[in-house]
């Protein structure tokens, strides 16, 4: 936290984070002297809970090179028998090796290619249609099925020898395979989950097969393979069809820090004793086409438990900032001269493509110590950043 001080009876802060709270649920992430409205996420430390799963499965995350991955195979969906096909319906479907739920619990589900893509852009197991990448598919929000290119990046990050990105139906990139398998140094811990083929299950404990989101032909897509006795990684496009059931590993889209597109910043509560009247509010903002509204409230008690936020906006839709906007101009008005505590809220509505900044908030007041009228200013210097 930045420093704060008491100047007379005025709480004056130059905090860049304002010691405040942010909603919706998030955390204060101070970067370059500004606040960002962020989801609390730190790849390699944070976990991801998939609420679509009836068990609310929690996935660890792992950083490999510049990529952020879920640390185990996807396991979302209702199990269907290996003898049937997964279909384009309202239900996420998966196979479990040997039709045993226990295998899904340890190794994740097995998915036909189109089901894993969730039929994006009309793709299927029998037509030559490449869905626009990245493909979220069965992955949690903010994550997507890894593409052939992203899988190659993973191979290259973990190899020490040759690693032919264009190899077809062969293994390379020693010792990436060893590092990727359960117990390997990458932290990916890919289990040898086997595959489903024409209603039967094969190669459990011997091979891992993982789909990419990248199509090769009408009935085939690029995949990666790990073998129990190999230190290398296979890249395949024609041995098996899209209708086979392979594992899915999800990779994160975008930077590791995730930003809300909009939200509300609530300032700390500031005190001015012997207030004769509250005056104007001044601020400046860089909005880049975004919207900003500001509210203010005064309170009798230091925790403001006597006042809610059912207050009107005081900025009257000002674009880049307000100069001398009356604190009592909100309807309903929540600023009373008889109350010594004051607080404000700033609400951003973003178009998600730009970053907005709110700077230099000043609240004017008139106070009357010893019956002598004097003016002062409560100043808040810093920068709140929303993206």
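No value in this document is a laboratory result; all are computed from the given coordinates. Bear in mind the structure is a predicted one, so any value in this text is a computation, not a measurement. Using ideal geometry, Cβ is built from the backbone for each residue, glycine included, and neighbour counts are taken over all protein chains shown.
A few remarks follow.
- When the square roots of the Cα gyration tensor eigenvalues are ordered a ≥ b ≥ c, the ratio a/c for the range 140-212 is under 1.5, which makes its shape rounded.
- The ranking of 223, 98, 147 by Cβ neighbour count inside 10 Å, starting from the fewest, reads 98, 147, 223.
- Annotation: the residues 192, 180, sorted from fewest to most other C-beta atoms within 10 Å of their own C-beta, follow the order 192, 180.
- Each residue in 220, 117, 281 was given a count of other beta-carbon atoms within 10 angstrom of its own, and listing them fewest first yields 220, 281, 117.
- Added length on full extension, which subtracts the Cα-Cα distance from 0.36 nm per residue, residue 49 to residue 309: 90.4 nm
- The distance between label points at residue 66 and residue 127 comes to 3.5 nm (points 7 Å beyond Cα on the Cα→Cβ vector).
- Rounded to 5, percent antiparallel among DSSP beta bridges of the range 47-252: 85 percent
- Its Cα gyration tensor gives the range 47-252 an equivalent ellipsoid; the semi-axes, largest first and in whole Å, are 23, 19, 17.
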